[in-house]
Amino acid sequence: MRFVLTHFLKPGQIIGSDLELSRHKILIRRGVVLNAALIQKIKDLGFQGVYIDDPLSEGIEVVDIISHDLKMKTRNEVESLFSSVEKNFVSNAVKKIDSIKKLISFQTPSKKSTRSKN
């Protein structure tokens, strides 16, 4: 399986991984053969690319660095944030930003100052 940018997709290619719109909505299931209409739909929805199964990538399995659950939770929080901003619910938007920060925060070691004292 390999990632192919949308402008390189061709009819006849086989989807290598479910293409999801949201946590509970799958647009195209793994194993579906692409046609021109599906390729256009993928482009129209703004996908950058999809995973394809083909002889070139046979035997290669892609391991996600970010868990599917974290991706979906973050996406839902961001959608909710934009909804709050659209409705001008500022206090709710601030809470959503804090929630998103908690979802995606990674702890990094603190850096000691390298400035010399004069």
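The values are calculated or read from the model by the stated rules, or taken from the named source; none is laboratory data. All values derive from a computational prediction rather than experimental measurement. No Cβ is skipped: glycine too gets one built from the backbone with ideal geometry, and neighbour counts run over all protein chains shown.
Couple of notes before you dig in:
- Selection within the range 26-74 - part of a strand (DSSP E or B), under 16 Å from Pro11 (Cα atoms) and within 17 Å of the chain's Cα centre (by Cα): Ile28, Gly49, Val50, Tyr51, Ile52
- In the set (1) in contact with a Ser or Thr (Cβ under 9 Å, 6 or more places away or on another chain); (2) surrounded by 14 or more Cβ atoms within 10 Å (Cβ to Cβ), the condition left unmet by Ser17 is number (1).
- Residue check, Lys25 without any contact (Cβ under 8 Å) to a residue 12 or more places away in the chain and not assigned by TED's automatic domain parsing to the domain that holds Ile100: yes
- Restricting Val50, Val63, Val90 to residues that are surrounded by fewer than 11 Cβ atoms within 10 Å (Cβ to Cβ) and modelled with pLDDT of 75 or more narrows the list to Val63.
- Residues in the range 42-57 that are among the polar types (S, T, N, Q) and under 16 Å from Ser22 (Cα atoms): Gln48 alone.
- Selection count, the range 75-86, where residues are of a type in the set (A, V, I, L, M) and over 15 Å from the mean Cα position of the chain (by Cα): 2
- Evaluation of Phe3 against (1) under 22 Å from Ile104 (Cβ atoms); (2) at pLDDT below 90 (one fails), failing number: (2)
- Taken over the range 66-82, the criterion of being of a type in the set (Ser, Thr, Tyr) and modelled with pLDDT under 80 is satisfied by Ser67 alone.
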